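Heads up: the structure comes next, in structure tokens.
The values are calculated or read from the model by the stated rules, or taken from the named source; none is laboratory data. The structure displayed is predicted, hence computed values, not measured ones. Counting neighbours? That spans all protein chains shown, and the Cβs are built from the backbone with ideal geometry, glycine included. Just so you know, the surface numbers come from the protein's heavy atoms only, side chains and all, with ligands and any DNA or RNA stripped out. Shrake-Rupley method; radii C 1.70, N 1.55, O 1.52, S 1.80 Å.
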Amino acid sequence: QVQLVESGGGSVQAGGSLRLSCTASGYSVSTLCMAWFRQNPGKAREGIAIRTRGGTIIYTDAVKGRFTISRDDTWNTLYLQMNTLTPDDTGMYYCAAAQTGAFSWSSSWYPYWGQGTQVTVSS
């Protein structure tokens, strides 16, 4: 199965930046649809950015213009560059993947998930 490991989370002040990484093992990221989700306690996981296998990139309005999703095939890694962070961005961030050319905003659609990395933004 695809294995995903996230890193790069931490605590920052409002207005700061972080870059999250998601490294895949066993499979090439070039074969995958990959996405970033985030979640706070008591809430459903929220999809925030998707990169399809074919290279299409889409963002939710909450992060559009501030976050950038990208893929590095050499390092087999998906990234999420997060700028101009606010306390509303606080949460556990997860990397997800599916072996298909399609995509979805539904968390239940993705069979592979990382362990998550915590992002905390203080005001």
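Scan segment 66-95 for residues that are without any contact (Cβ under 8 Å) to a residue 24 or more places away in the chain and touching a helix residue (DSSP H, G or I) at 6+ places or on another chain (Cβ under 7 Å) and the total you get is 0. Among the residues of segment 66-123, write down those that are under 19 Å from GLY55 (Cα atoms), in contact with a Phe, Trp or Tyr (Cβ under 7 Å, 6 or more places away or on another chain) and buried (at least 16 other Cβ atoms within 10 Å of the Cβ). Answer for segment 66-123, where residues must be under 19 Å from GLY55 (Cα atoms), in contact with a Phe, Trp or Tyr (Cβ under 7 Å, 6 or more places away or on another chain) and buried (at least 16 other Cβ atoms within 10 Å of the Cβ): PHE67, ILE69, LEU80, CYS95, ALA96, ALA97, ALA98.
GLY16 meets each of the listed conditions (1) open to solvent by 30 Å² or more (accessible area, probe 1.4 Å); (2) farther than 20 Å from GLN1 by Cα; (3) outside any strand (DSSP E or B) apart from (1). Of SER30, SER21, which residue is in contact with a Gly (Cβ under 9 Å, 6 or more places away or on another chain), of a type in the set (Gly, Ala, Ser) and open to solvent by 10 Å² or more (accessible area, probe 1.4 Å)? When all the criteria are applied, what remains is SER21.
Quickly run through segment 35-68 and pick out the residues that are part of a strand (DSSP E or B) and either among the charged types (D, E, K, R) or more than 18 Å from TRP109 (Cβ to Cβ) (or both).
ARG38, GLU46, ARG51, PHE67, THR68
For segment 5-12, the count of residues that are part of a strand (DSSP E or B), open to solvent by less than 70 Å² (accessible area, probe 1.4 Å) and within 19 Å of SER123 (Cα to Cα) is nonzero.
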